[in-house]
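Participant: Take this structure, written in structure tokens, and hold onto it; I'll ask about it next.
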Amino acid sequence: MIGYTIRRILQAIPTLLGVTVISFFLMHIVPGNPVRILLGNRYTPERAALLSKQLGLNKPVWVQYFVWLGNILHGNFGYSYVYNKPVVSLILQALPHTLIIVVVAVMLAHIFAVFLGSVQAYFENSPFDQIVTVINYFFYAMPAFWLGILLIIFFAIDIPLFPSGGITNPTVTHPSFGDFAIHLVLPVVTLMLISVAGWARFMRSSMREALLQDYVRTARMKGAREFRIIFVHALRNSILPLITLLGLSLPGLLAGALFVEEIFNYPGMGLLYWNALNDRDFPILLAVTVFLGIVTVIGNLLADLIYSLVDPRIQYR
Amino acid sequence: MLSSSFAQDQAEEISLETLIERPKFMRRFWKATTTKIGVILLSFLILFSFVGPLIYRHSAITSHLLHTLQPPSARFPLGTDSLGHNVLAQMMVGGQSSLEVGFASAFCAMIIGVLYGMTSGIFGGWLDIIMMRIVDVILSIPTIFILLFLNVVFLPNLWIMILILASTSWLGVSRLVRAEVLAIKNQVYVEAANALGASTWRIMVRYMLPNFLGTVLVAATLGIADAILAIAGLSFLGLGLPPPTPNWGGMLSDSMSYMFQNAWWLIYPPGLAILIAEVSINLIGDGLRDAIETRHR
């Protein structure tokens with residue numbers, strides 16, 4: 001088990017390095033000279049030469065890569081062109097906002113998906129199962145951005161229950177916890193609804209398989225109540241693959257968060273990236289790409305390790 | 001469970017050629033009501049986008065400046081937007097680019113994925129490890145971030161857009177193909193072909209490809225849905241194909257400015273169109289999978 005953990009962590013390192021290489025490479029296919037962009041109309045050939053020497057841009061690309069890699073290992077992601085602030089401080093401001101909507105949405109989505117999927121599997125082919133399957137199909141195919149707009153129309157405009165965007169009420173100087181929470185509702189619900197469908201589908205098939213196992217028959221023979229059979233005996237086993245699925249769906253969730261943040265004007269990593277795209281603020285773009293890559297790789301790593309912890313049946317060589 | 005069904009899979013060795021020749025395949029494909037609904041919905045969208053403009057002859061890019069933000073009327077069946085564009089005509093033209101880009105990029109992704117996955121699987125060893133590690137790495141970065149970035153850098157036309165979308169969507173196919181190749185590469189008939197002096201290329205195309213073309217086709221079909229969603233998403237974020245070409249995603253993002261005026265005719269049609277495209281292609285993809293994977297019955 002410890003050997004497996006160490007090996008799995010060692011395996012993640014090349015992937016992490018790969019993420020940095022790809023991101024760095026992406027930024028280098030940008031046409032145009034960064035020095036020219038930075039200097040703007042103060043451009044003279046002498047200043048350009050000086051600046052590119054200061055920034056290390058006159059060195060070969062691979063040297064630049066290692067210098068940059070050294071910098072990010074020291075937590076230095078460079079300066080934003082537009083905000084004139086260290087990129088790290090901008091990211092550290094945005095990251096918690098994204099994490100909170102993603103984490104809350106994932107937890108809620110899991111609860112719903114597990115419940116729906118289990119009940120669907122138990123009442124397989126019943127009208128309930130069929131109706132939920134159809135609804136799931138629609139939410140599975142629903143674009144996050146349209147769902148977000150519809151939720152704003154229904155629950156912020158037609159029935160003004162929740163605010164349509166932002167993180168706090170702009171007229172209040174010291175926002176309360178409740179103010180933060182109410183601004184989270186619609187973004188979280190959007191992200192949750194688009195995730196529930198796929199997971200419920202997965203949970204249904206996983207639970208269906210579990211319900212056919214011998215231990216379910218044994219439990220039934222012992223006289224356990226049906227509720228206990230589904231939610232204690234079968235659930236424990238059928239829920240395990242969901243851990244792996246969660247790790248795998250991280251990139252999709254972060255992509256969903258990008259749209260949700262854009263629609264609800266919610267200042268997370270997605271909105272930071274989108275604004276930086278419009279400003280052509282490349283240090284931010286590079287840093288966000290690397291950060292999200294790291295989050296995904298670590299998320300997958302954790303999912304694998306947790307899986308190996310909770311499932312004693314799996315033998316690791 | 002997995003390993004046993006896998007072994008069955010190998011034992012059956014169904015090739016797409018024989019599947020399609022057998023009338024059974026089409027019958028299995030058509031049997032499910034859901035597949036029929038999918039085919040009907042998709043045909044409707046294709047007719048609407050490509051044949052529609054031939055019947056409903058109104059320009060999508062003419063601004064009727066005296067009739068901006070009009071609700072549906074006899075003259076404008078789906079109303080007009082803030083610039084006085086005819087929404088119905090825009091929906092049709094917007095569908096063309098979405099469907100073209102979706103189908104073409106899924107096709108390109110399928111070809112890249114098959115070639116990459118086969119190369120990785122056949123040659124094995126270090127090449128395989130490195131090639132698959134590259135796939136892992138690219139998959140770690142959420143696709144939409146890469147797409148947005150490439151979109152900003154290249155300011156694409158239709159063809160570049162197709163390539164950009166294909167550049168991130170071949171990864172899944174390549175993994176699938178590699179796994180299939182690893183499963184069949186030590187089969188006796190491949191060895192026999194090798195012993196008879198067939199070239200690697202010939203073995204790939206004649207002996208291996210037919211084995212997993214069905215699986216790849218399912219993945220590619222579902223890839224069309226992903227590509228249509230991606231192009232809509234990019235347009236929604238203000239990128240995608242350059243104006244004045246309308247696109248469902250772009251129309252949706254324009255409609256956001258008029259949410260408070262209750263301009264429902266701007267909000268529902270493009271969203272519904274994307275939803276119908278997604279649902280119909282997913283239904284067809286699932287139908288194809290059920291028809292190809294016979295071991296599940």
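The values are calculated or read from the model by the stated rules, or taken from the named source; none is laboratory data. Note that the structure is a prediction, hence the values are computed from the model and not measured. Because the Cβ atoms are built from the backbone with ideal geometry, glycine has one as well, and the counts that use them run over all protein chains shown.
Participant: If you go through the range B:200-221 one residue at a time, how many are buried (at least 19 other Cβ atoms within 10 Å of the Cβ) and either among the acidic types (Asp, Glu) or at pLDDT 85 or above (or both)?
Facilitator: Number satisfying all stated conditions: 5.
Participant: Now for a different question. Taking the condition of being crowded, with 17+ Cβ neighbours inside 10 Å and within 9 Å of chain B (Cβ to nearest Cβ), how many residues in the range A:123-147 meet it?
Facilitator: 9
Participant: Looking at A:ALA303 and the list (1) of a type outside the set (Phe, Trp, Tyr); (2) more than 9 Å from chain B (Cβ to nearest Cβ); (3) without any contact (Cβ under 8 Å) to a residue 24 or more places away in the chain, which single condition is not satisfied?
Facilitator: Here A:ALA303 meets the rest and fails (3).
Participant: Restricting to the range B:225-247, name every residue that is at the interface with chain A (Cβ under 9 Å from one of its Cβ atoms) and either of a type in the set (Gly, Ala, Ser) or in contact with a Ser or Thr (Cβ under 9 Å, 6 or more places away or on another chain) (or both). Lay out the reasoning, then the answer.
Facilitator: Initially, the range B:225-247 is screened for residues at the interface with chain A (Cβ under 9 Å from one of its Cβ atoms), giving B:225, B:229, B:232-233, B:236-239.
B:ALA225, B:ALA232, B:GLY233, B:PHE236, B:LEU237, B:GLY238, listed by residue number.
Participant: Still on this structure, please answer the following. Looking for something closer than 26 Å to A:GLY252 by Cα, more than 11 Å from chain B (Cβ to nearest Cβ), modelled with pLDDT under 85 and part of a helix (DSSP H, G or I) - is there at least one such residue anywhere in the range A:162-180?
Facilitator: Looking for residues that are closer than 26 Å to A:GLY252 by Cα, more than 11 Å from chain B (Cβ to nearest Cβ), modelled with pLDDT under 85 and part of a helix (DSSP H, G or I), one finds at least one in the range A:162-180, hence yes.
Participant: Separate question: So, in the range A:306-317, exactly how many residues are assigned to a loop (DSSP other than H, G, I, E, B), away from chain B (no Cβ under 13 Å) and out of contact with any helix residue (DSSP H, G or I) (no Cβ under 7 Å at 6 or more places or on another chain)?
Facilitator: 3
Participant: Test B:PRO270 against the criterion of being more than 9 Å from every other protein chain (Cβ to nearest Cβ) and either out of contact with any Asp or Glu (no Cβ under 7 Å at 6 or more places or on another chain) or modelled with pLDDT under 85 (or both), and give yes or no.
Facilitator: Working: more than 9 Å from every other protein chain (Cβ to nearest Cβ): no; either out of contact with any Asp or Glu (no Cβ under 7 Å at 6 or more places or on another chain) or modelled with pLDDT under 85 (or both): yes.
Spelling it out, it is not the case that B:PRO270 is more than 9 Å from every other protein chain (Cβ to nearest Cβ) and either out of contact with any Asp or Glu (no Cβ under 7 Å at 6 or more places or on another chain) or modelled with pLDDT under 85 (or both).
Participant: Limited to the range B:227-245, what total is found for residues that are surrounded by fewer than 20 Cβ atoms within 10 Å (Cβ to Cβ) and touching a residue at least 24 places away in the same chain (Cβ under 8 Å)? Steps first, please.
Facilitator: Going residue by residue through the range B:227-245, those that are surrounded by fewer than 20 Cβ atoms within 10 Å (Cβ to Cβ) are B:238, B:242-245.
Still in the list and also touching a residue at least 24 places away in the same chain (Cβ under 8 Å): B:242, B:244-245.
Counting residues in the range B:227-245 that are surrounded by fewer than 20 Cβ atoms within 10 Å (Cβ to Cβ) and touching a residue at least 24 places away in the same chain (Cβ under 8 Å) gives 3.
Participant: If you don't mind, there's one more thing I want to ask. Taking A:ARG8 and the conditions (1) surrounded by 11 or more Cβ atoms within 10 Å (Cβ to Cβ); (2) modelled with pLDDT under 70, which numbered condition does it fall short on, given that it satisfies the others?
Facilitator: Evaluating A:ARG8 over (1) surrounded by 11 or more Cβ atoms within 10 Å (Cβ to Cβ); (2) modelled with pLDDT under 70 leaves (2) as the failure.
Participant: Just need a number here: residues in the range A:110-132 that are in contact (Cβ under 8 Å) with a residue 60 or more places away in the chain and under 30 Å from B:LEU266 (Cα atoms).
Facilitator: Residues meeting the conditions: 1.
Participant: Restricting attention to the range A:272-284, which residues are at pLDDT below 85 and part of a helix (DSSP H, G or I)?
Facilitator: Step one: list which residues in the range A:272-284 are at pLDDT below 85, which gives A:277-283.
Matches in the range A:272-284: A:LEU277, A:ASN278, A:ASP279, A:PHE282, A:PRO283.
Participant: Say whether the condition of being within 11 Å of another protein chain (Cβ to nearest Cβ), under 22 Å from the mean Cα position of the chain (by Cα) and at pLDDT 85 or above is met by at least one residue in the range B:125-132.
Facilitator: No; the residues of the range B:125-132 include none that is within 11 Å of another protein chain (Cβ to nearest Cβ), under 22 Å from the mean Cα position of the chain (by Cα) and at pLDDT 85 or above.
Participant: Kindly evaluate A:VAL288 against the criterion of being of a type in the set (A, V, I, L, M, F, W, C), buried (at least 19 other Cβ atoms within 10 Å of the Cβ), closer than 30 Å to A:MET1 by Cα and within 13 Å of chain B (Cβ to nearest Cβ).
Facilitator: Numbers: of a type in the set (A, V, I, L, M, F, W, C): yes; buried (at least 19 other Cβ atoms within 10 Å of the Cβ): yes; closer than 30 Å to A:MET1 by Cα: no; within 13 Å of chain B (Cβ to nearest Cβ): yes.
Considered against the rule, which asks whether it is of a type in the set (A, V, I, L, M, F, W, C), buried (at least 19 other Cβ atoms within 10 Å of the Cβ), closer than 30 Å to A:MET1 by Cα and within 13 Å of chain B (Cβ to nearest Cβ), A:VAL288 comes out as no.
Participant: Name the single residue, out of those in the range B:147-168 being at the interface with chain A (Cβ under 7 Å from one of its Cβ atoms) and of a type in the set (A, V, I, L, M), that is nearest to A:GLY268 (Cα to Cα). Full working, then the answer.
Facilitator: In the first step, residues of the range B:147-168 are kept if they are at the interface with chain A (Cβ under 7 Å from one of its Cβ atoms); the result is B:148-149, B:152-153.
Then drop every residue that is not of a type in the set (A, V, I, L, M), which leaves B:148, B:152-153.
Numbers: B:LEU148: 17, B:VAL152: 20, B:VAL153: 23 Å.
Step by step, filter the range B:147-168, then rank; the result is B:LEU148.
Participant: State which residue is nearest to the other protein chains (Cβ to nearest Cβ) when the search covers only the range A:253-274 and only residues that are of a type outside the set (S, T, N, Q) and more than 15 Å from B:ILE144 (Cα to Cα). Break it down into steps so the answer makes sense when it comes.
Facilitator: Of all residues in the range A:253-274, those of a type outside the set (S, T, N, Q) come to A:253-264, A:266-274.
Filter again for more than 15 Å from B:ILE144 (Cα to Cα), leaving A:263-264, A:266-268.
Values: A:ILE263: 7, A:PHE264: 11, A:TYR266: 14, A:PRO267: 16, A:GLY268: 13 Å.
Per the criteria, the residue is A:ILE263.
Participant: Which ones in the range B:225-244 are of a type in the set (Val, Ile, Thr) and more than 15 Å from B:PHE149 (Cα to Cα)? I'd like the intermediate steps shown before the answer.
Facilitator: Kept after step one, since they are of a type in the set (Val, Ile, Thr), are these residues of the range B:225-244: B:228, B:231.
If the condition is that a residue be of a type in the set (Val, Ile, Thr) and more than 15 Å from B:PHE149 (Cα to Cα), then B:ILE228 is the only one that fits.
Participant: From the list B:SER63, B:SER97, B:SER82, B:SER4, pick out the single residue that is of a type in the set (S, T, N, Q), modelled with pLDDT of 70 or more and assigned to a helix (DSSP H, G or I).
Facilitator: Numbers: B:SER63 fails: assigned to a helix (DSSP H, G or I); B:SER82 fails: assigned to a helix (DSSP H, G or I); B:SER4 fails: modelled with pLDDT of 70 or more.
None of the others qualify; the one that does is B:SER97.
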